[in-house]
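Worksheet for the structure shown next.
The values are calculated or read from the model by the stated rules, or taken from the named source; none is laboratory data. It should be emphasised that the depicted structure is a prediction, and the values quoted were computed from it without experimental measurement. Don't worry about glycine lacking a Cβ; one is built from the backbone with ideal geometry, like all the others, and counts go over all protein chains shown. For accessibility, only protein heavy atoms count, side chains too; no ligands or nucleic acids. Shrake-Rupley method; radii C 1.70, N 1.55, O 1.52, S 1.80 Å.
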Amino acid sequence: MLFVLPSLEAGGAERVVITMLRHLDRERFAPTLAVLDNRNPVFAADVPADVEVIRLGTNRLRYSLFAILRLAWSRRFDLIFTTIGHLNLGSSLLRPVFPSGVKLVVREASIVSEVLATSRGSSPLRLAYRALYRFCDKVVCQSEFMKRDLVESIGVRGREIVVIQNPIDLTRVRALMREELPPDLAAPPDEATINLAAVGRLDHAKGFDLLIRAIALCDDPRLRVTILGEGPLRAELEALAGKMGVGSQVRLAGFRRNPYALLSRSDALVLSSRHEGMPNVVLEALACGTSVIATPAPGGLFEIVNGRANCIVARELTAEALSEAIQAFTSGARSGVAEADLREFSAESVTRRYERLFSEVLGRSE
């Protein structure tokens with residue numbers, strides 16, 4: 001099997017594939033990993049030692065496609081697995097010229113209609129999804145919401161789509177959450193302070209501008225927010241925090257390999273996203289016993305938090321509503337969450353579902 005990733009930079013899709021590689025049954029599947037862009041490979045050390053990594057060194061899609069096609073013909077893999085929209089579309093375009101018998105499974109990482117709403121040339125891209133995804137043997141969505149979006153908004157045929165949630169390595173998360181916090185992340189020993197955490201790439205979709213505005217609207221000096229992650233909006237977000245008068249309450253602490261030590265010591269995780277296929281960080285917060293405050297982001301959020309105590313979802317996707325949700329949390333008992341039953345999202349359970357899918361696509365019995 002060939003798994004293809006755009007890079008080994010910090011990201012949800014990269015973490016999902018690496019988690020799957022750790023748990024894939026080696027008696028039935030022999031995985032190889034191809035990486036297109038070699039820059040900033042922060043997850044390289046997390047790839048299992050027995051997985052061959054092929055670094056293609058191509059950071060433009062058109063060059064990447066030729067490299068993937070050459071690899072498919074030279075190595076004759078049984079199955080190729082890709083994730084993230086542009087790479088999925090490119091691989092689907094290649095599908096008719098792959099060697100005979102090679103199967104293609106793609107994992108959609110975003111809510112496509114939301115991505116198209118903010119993209120130039122959305123109409124041709126919508127047609128590309130509709131035309132090219134029919135060449136895939138299966139399309140994996142992370143939530144039922146994502147599947148409905150592909151079928152109803154984009155026009156992808158539903159029989160090609162299967163829903164498999166993201167995996168979380170519970171054993172690993174719960175071990176890492178016990179590590180000591182770096183000194184620069186440690187909170188002052190002040191019982192009055194309410195420590196909130198947020199994690200994600202600093203881009204428009206993650207809505208950290210909404211979080212900063214919500215903190216300003218709360219007008220509560222007890223609140224402290226630490227945002228872990230890097231991205232193109234860092235300077236803009238720092239400027240916004242200063243402009244809103246909460247520069248001393250909002251800390252942008254950059255990417256950290258172990259976010260769980262902070263999550264486990266925070267009063268709550270705040271998810272401020274505008275849309276999320278399946279928010280891994282919410283699963284990780286629950287695994288750490290940490291409460292969740294969230295915007296009602298389109299995607300798989302409600303499939304995780306529905307019915308869970310101490311999880312508050314704002315009434316709408318605005319800074320004002322998120323501020324209300326934060327204030328509702330701070331006025332309560334802030335007792336955290338009991339150890340959540342996350343077995344359906346465990347790495348072992350989710351990887352078994354992928355294995356069944358791969359076996360089905362390959363026409364092989366379990």
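Quick look at the values:
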read-out: Of residues in the range 260-293 being more than 12 Å from the chain's Cα centre (by Cα), among the polar types (S, T, N, Q) and not in a helix (DSSP H, G or I), the one nearest to R172 (Cα to Cα); value: T290
read-out: Out of E276, E360, sole residue that is charged (D, E, K, R) and in contact with a strand residue (DSSP E or B) (Cβ under 7 Å, 6 or more places away or on another chain); value: E276
read-out: When residues of the range 152-170 are limited to those that are free of Cβ contacts under 8 Å to residues at least 40 places away in the same chain, in contact with a helix residue (DSSP H, G or I) (Cβ under 9 Å, 6 or more places away or on another chain) and not acidic (D, E), the one farthest from P124 (Cα to Cα); value: V163
read-out: Test: S122 is free of Cβ contacts under 8 Å to residues at least 12 places away in the same chain and within 25 Å of the chain's Cα centre (by Cα); value: yes
read-out: Hits in the range 92-118 (condition: within 23 Å of E14 (Cβ to Cβ), open to solvent by less than 50 Å² (accessible area, probe 1.4 Å) and assigned to a loop (DSSP other than H, G, I, E, B)); value: E108, A109, S110, I111
read-out: Positions within the range 223-252 being over 23 Å from A297 (Cα atoms) and in a loop (DSSP other than H, G, I, E, B), in sequence order; value: M244, G245, V246, G247, S248, Q249
read-out: Count of residues meeting criterion [touching a strand residue (DSSP E or B) at 6+ places or on another chain (Cβ under 8 Å) and over 16 Å from T330 (Cα atoms)] in the range 279-294; value: 9
read-out: Strands (runs of 3 or more DSSP E) (entirely within the range 4-86) containing at least 3 residues that are surrounded by 16 or more Cβ atoms within 10 Å (Cβ to Cβ) and at pLDDT below 90; value: none
read-out: The range 283-342, subset of a type in the set (K, R) and modelled with pLDDT under 95, residue nearest to A197 (Cα to Cα); value: R334
